[in-house]
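Colleague: This is the structure, below, for whatever I ask next.
Bear in mind that the values in this text are calculations on the coordinates, not laboratory data. Keep in mind that this is a model prediction, so the values were computed, not measured. Cβ: placed from backbone, ideal geometry, glycine included. Neighbour counts: every protein chain shown.
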Amino acid sequence: GWGYAATNGPDKWGENFPIANGPRQSPIDIVPGETAFDAALKALTLKYDPSTSIDILNNGHSVQVTFADDTDSSTLTGGPISGKYRLKQFHFHWGASDDKGSEHTVAGTKYPAELHLVHWNTKYPSFGDAASQGDGLAVVGVFLEIGADNPQLQKLLDAFDGIKAKSTQTSFANYDPSTLLPGCLDYWTYDGSLTTPPLLESVTWIVCKESISVSPAQMGKFRSLLFSGDGEAPCCMMDNYRPPQPLKGRKVRASFK
Ligand SMILES: NS(=O)(=O)c1cccc(NC(=O)NCCCCO)c1
Ligand SMILES: [Zn+2]
C-alpha cells in the first residue's frame, strides 16, 4: 500500500491514483503576495461538542481522533462554504526534524507540523459520499510552530503510549478540538484535494494564517509513533507529509487584509 517511503511515497502515488496529477491537488505553497482579499468571505464558525470525540487511532499514516458524526453536534459553518459541514476527524502531518513537516507552506516556509480538521457537507448522506463530490469536504488546516509547550496538545500526546503501532486505537472521550485552534481565525482558502490517496478533489481548504505552538519535546512525542505494526521492524512515523503541488491557475483568497 501507499506510504511515505521512497518506494511507496508521494512521487509514486500517481501510479495507482492518476488524479495525483489532476487540476486541483493539495497541498500548495501559499504566497501571501499573490492571494486576493475577498470581502465576501465570512468568518469561520466552528462549533464543537467535546462529547462527540470517540477514539484516538494510529492508522499507519497519521494519528487521528475520530468523532461521532451522526448528528450536527460538531460543525463548521460560515467561512467560504455554504451549508453545514460535520466534523469527522482530525489528524496531523509532521517531519523528522523541526525544519519540515507541514503540507501547506507559506512563501516556501515549512512548519514542523500541520493539523487537519476534516468536515463533510451534510447535503450528502455520509463522509464517504461527500468525499467524491467537488463540494463534499472542508478541511481546516492549522500550522504548528516551535515555541512553548502546548498543554492542550499534551492531552493528546499523553494518549500516544497506547497507540504506538499501526492499527491500534484507544478510547478518547471528552476532547474539545477547539482548544487546538489559534486565537485569530483569519484564513486563506482554495479548492483542492485530499493530500493522501485516494487524493479526491473534493476539499475546500481553509488554512489559518495564525499558528499554534508546539515544543521540541512535544514534536519528539509525535515522532515516537510508528508507521509499522506490532511484530514488524519498528519504523518511526515522521515525514508523513505530501509536498506542495502545482497551483494550475487556481486563485487563493484571503479572509483578511
Ligand atoms: N490529509 S487530508 O487531506 O486532510 C485527508 C482528509 C480526509 C481523509 C484523507 N485520506 C484518507 O482518508 N485516505 C484513506 C485512508 C487513510 C487512512 O487509512 C486525507
Ligand atoms: Zn491531512
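Colleague: Explain nothing, just the number: relative contact order of segment 87-189, from Cα pairs under 8 Å at least 6 residues apart, as a whole percent. The partial results should precede the final answer.
Modeller: On the way: 132 pairs, mean separation 19.2, N = 103.
That works out to 19 percent.
Colleague: Something else now. Taking the dipole about the Cα centre of segment 110-206, with the C-beta of Lys and Arg at +1 and of Asp and Glu at -1, give me whichever of Leu157, Pro112, Gly136 is farthest to the positive side.
Modeller: Highest projection toward the positive end goes to Leu157.
Colleague: If you don't mind, there's one more thing I want to ask. What is the extension gain from Glu210 to Gln133, computed as 0.36 nm multiplied by their sequence separation minus the C-alpha to C-alpha distance, in nm to one decimal? Mind dumping the intermediate values first?
Modeller: Working: separation 77, 0.36 × 77 = 27.72 nm, distance 2.89 nm.
Going from the current span to full extension adds 24.8 nm.
Colleague: With each run of n ≥ 4 DSSP H residues scored as -39500 (n - 2.57), what mean residue ellipticity at 222 nm is computed for the chain after dividing by its residue count and rounding to the nearest 500 deg cm²/dmol? Mind dumping the intermediate values first?
Modeller: Details: 4 runs with 22 residues, N = 257.
Calculated from helices alone, the mean residue ellipticity at 222 nm is -2000 deg cm²/dmol.
Colleague: List the relative contact order of the chain as a percent without decimals, with contacts defined as Cα pairs under 8 Å and 6+ residues apart.
Modeller: Value for the chain: 27 percent.
Colleague: Would you please calculate the Kirkwood hydrodynamic radius of the chain over all C-alpha pairs and express it in Å, rounded to one decimal?
Modeller: This gives a value of 18.4 Å.
Colleague: Under 30 Å Cα-Cα from Lys251, which lysines qualify once same-chain neighbours fewer than 8 residues away are excluded?
Modeller: Lys12, Lys42, Lys47, Lys84, Lys88, Lys100, Lys110, Lys123, Lys209
Colleague: To the nearest 0.05, how large is the calculated FRET efficiency for Ser82 and Ser171 if R₀ is 41 Å and r is the Cβ-Cβ distance? Walk me through the intermediate numbers first.
Modeller: Working: r = 35 Å, r/R0 = 0.85.
Given R0 = 41 Å and the Cβ-Cβ separation, E is 0.75.
Colleague: Karplus couplings for segment 92-106 from phi (6.51 cos²θ - 1.76 cosθ + 1.60, θ = phi - 60°), rounded to Hz, Gly and Pro as x?
Modeller: Each residue of segment 92-106 in turn: 9, 10, 8, x, 7, 9, 5, 8, 7, x, 6, 8, 6, 10, 10 Hz.
Colleague: If you project the alpha carbons of segment 118-257 onto the principal axes, what extent comes out on each, in Å, largest first?
Modeller: The principal-axis extents, from largest down, are 43, 33, 32 Å.
Colleague: Another question, then. Find the Cα radius of gyration of segment 179-233, compare it with 2.2 N^0.38 Å by division, and give the number to two decimals.
Modeller: Ratio of Cα Rg to 2.2 N^0.38 Å: 1.60.
Colleague: Of all beta bridges DSSP finds with both residues in the chain, what is the antiparallel percent, to the nearest 5?
Modeller: On the way: 45 of 57 bridges.
Here the share of antiparallel DSSP bridges comes out near 80 percent.
Colleague: Here's a follow-up. So what's Rg/Rh here for segment 89-144, counting alpha carbon atoms and using the Kirkwood radius for Rh?
Modeller: 1.12
Colleague: Sorted from fewest to most neighbouring beta carbons within 10 Å, what does the list Trp13, Trp205, Trp188 look like?
Modeller: Listed from fewest to most nearby Cβ atoms, that is Trp13, Trp188, Trp205.
Colleague: Let me see the P(r) profile for segment 148-187: every Cα-Cα distance counted, bins of 5 Å, each bin given as a percent of all pairs.
Modeller: Result, from short to long distances: 5, 18, 24, 20, 17, 9, 6, 1 percent.
Colleague: In the calculated pair distance distribution of segment 1-139, what percentage of Cα-Cα distances lie above 19 Å?
Modeller: Tail fraction, whole percent: 63.
Colleague: Using a 10 Å cut-off around each Cβ, can you sort Cys236, Cys208 from fewest to most neighbouring Cβ atoms?
Modeller: With the fewest neighbours first, Cys236, Cys208 line up as Cys236, Cys208.
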